[in-house]
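Report on the following structure.
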Amino acid sequence: MSFSFDTKNELCRLPVQRRCCAQAEAYGILLYCHTFNSSDVRIITENPNFASRLPRLFQRAFDIRFDRQPDIFSRAEASGKMVFQIIRQEKLNHIINLLGYAPRQNLALHINFAMVEEECCRAAFFRGCFFAGGSITNPVKRYHLELTSSHLQASRELEVLLRESGYPPKSITRNSSYVTYFKQSDQIEDFLTLIGAPVAAMQIMSTKLEKGLRNSVNRRLNCDSANLDKAVEAAQSQGEAIRKLQGAGRLMKLPDKLQQTAALRLEYPELSLAELAEMFDPPVTKSCLNHRLRKLVNLAEEL
């Protein structure tokens, strides 16, 4: 199952309680579903849990039943696309009146803000929009949540509503559809928590932490690898300088401390400065050893 499917399943477990919130959620579904006008309501879904929720939701919100709906207990009808439809004019007029529209008004063109004044109703409305027109990408791949509508005005007003609620989205037009979307993980987490999907939000947080830990480990490994490469390159340069001094007969004329340093470096070319400093008797500091090796390299460069 997809992450969107699992998220909507989580939302479907929320109880249908207060009538005002049920109406707000149903309103979001209507504005973002396949068809909503004064002569037809058509909601299409492939999610059996959402299909099971719809009749209960519309019964609570509008006290009506769908004129056409699949048998969700039949395996044949509960697979693939399931269609819920209202075509009886008295039912449509009842919904229109409850939502505060005039009977002949184009219902899908704008949002009735009076329906979403309360915070609980606004969250339910967003949930309905997500049920009917929302999708979310698996956070393992990337962070992306979007709400897609075929109505420009509804999409614009949803963006305004989200901004007022503290969730500033972005928007684009895609194939004659209007998309409101989030790409920031923290915004997606907050939005999912608001509409009633805290488990999905926690999954995004967990995935983000895992990615951050993995990136931190990779950066550390890359840093260690780069430091190792530098140490190997420096040891090779020091060895070449010492052999150059030997070939020129200069090494035996140097102070005992430099001769001892040269001998240990040639004997242990693989050791780091800290490890090589411990080989001296008595041990020397890393800074002291580095100074001696630089002296040997500089003498070799003067030849």
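The values are calculated or read from the model by the stated rules, or taken from the named source; none is laboratory data. All values reported here derive from a predicted model rather than from experimental measurement. Because the Cβ atoms are built from the backbone with ideal geometry, glycine has one as well, and the counts that use them run over all protein chains shown. Accessible surface areas use protein heavy atoms only, side chains included; no ligands, DNA or RNA. Shrake-Rupley method; radii C 1.70, N 1.55, O 1.52, S 1.80 Å.
Points to keep in mind about this one:
- Computed over the stretch 167-265: relative contact order in percent, which uses C-alpha pairs under 8 Å that are six or more apart: 12 percent
- Treating r as the C-beta distance of ARG18 and ARG174 and R0 as 35 Å, the FRET efficiency rounds to 0.50.
- GNM on the chain, alpha-carbon springs under 10 angstrom: the most fluctuating residue among LEU30, LEU245, LEU54 is LEU245.
- Using θ = phi - 60° in the Karplus curve 6.51 cos²θ - 1.76 cosθ + 1.60, the 3J(HN,Hα) couplings for the stretch 162-173 round to 5, 5, 4, 8, x, 10, x, x, 10, 8, 9, 10 Hz; x is entered for Gly and Pro.
- Note on THR35 and GLN260: the extension gain reaches 72.2 nm, defined as 0.36 nm multiplied by sequence separation minus the Cα-Cα distance.
- The trypsin sites (Lys or Arg not before Pro) of the stretch 1-45 meeting both criteria, a DSSP state outside H, G, I, E and B (loop) and at most 12 other C-beta atoms within 10 angstrom of the site's C-beta, are ARG13.
- Distant-in-sequence amide contacts of ASN138, defined by a placed amide H-H separation under 5 Å and a gap of 5 or more residues or a different chain, comprise PHE3.
- Relative contact order computed over the stretch 1-74 (Cα-Cα under 8 Å; 6+ residues apart), in percent: 33 percent
- For THR35, residues with placed amide H under 5 Å, excluding near neighbours: ARG42
- Amide H contacts for MET82 (H built 1.01 Å from N in the peptide plane; partners 5 or more residues away or on another chain; cut-off under 5 Å): THR45, GLU46.
- Gyration tensor (alpha-carbon) shape descriptor, the stretch 118-177, a/c threshold 1.5: oblate
- Overall form of the stretch 17-175 per C-alpha gyration tensor (a/c, 1.5; a/b vs b/c): oblate
- Qualifying lysines (Cα of each under 17 Å from Cα of LYS81; at least 8 residues distant if same chain): LYS8
- Within straight-line cross-link reach of LYS257, aspartates and glutamates at Cα separation under 17 Å, skipping those fewer than 8 residues along the same chain: GLU267, GLU278, ASP281
- Taking every C-alpha pair closer than 8 Å and separated by at least 6 residues, the mean separation divided by the residue count of the chain gives a relative contact order of 15 percent.
- You can think of it this way: the chain between LYS211 and ASN49 has 55.2 nm of extra reach, that is 0.36 nm per residue less the Cα-Cα gap.
- Residue among GLN17, GLN89, GLN260 with the largest mean-square fluctuation in a Gaussian network model of the chain, springs linking Cα atoms under 10 Å: GLN260
- The largest accessible area among VAL160, VAL16 belongs to the first residue in VAL160, VAL16, and the rest follow in falling order (1.4 Å probe, all chains).
- Helices in the chain, meaning DSSP H runs of at least 4 residues, each add -39500 (n - 2.57). Divided by all residues, the mean residue ellipticity at 222 nm is -18500 deg cm²/dmol.
- Evaluating 6.51 cos²θ - 1.76 cosθ + 1.60 at θ = phi - 60° for every residue in the stretch 177-190, the Karplus couplings come out as 10, 10, 10, 9, 9, 10, 10, 8, 4, 5, 5, 5, 4, 5 Hz, glycine and proline recorded as x.
- Taking the protein heavy atoms of the chain in the context of the full set of protein chains, the accessible area attributed to carbon and sulfur is 50 percent at 1.4 Å.
- Coupling constants for the stretch 130-135 follow from the phi torsions by the Karplus curve (6.51 cos²θ - 1.76 cosθ + 1.60, θ = phi - 60°), and in residue order they are 5, 4, 8, x, x, 8 Hz; glycine and proline get x.
- For the chain, built as a Gaussian network whose Cα springs stay under 10 Å, the top-fluctuating residue of GLY133, GLY166, GLY196: GLY166
- The modelled label-to-label distance between ASN97 and ALA231, using points 7 Å beyond Cα along the C-beta direction, is 8.3 nm.
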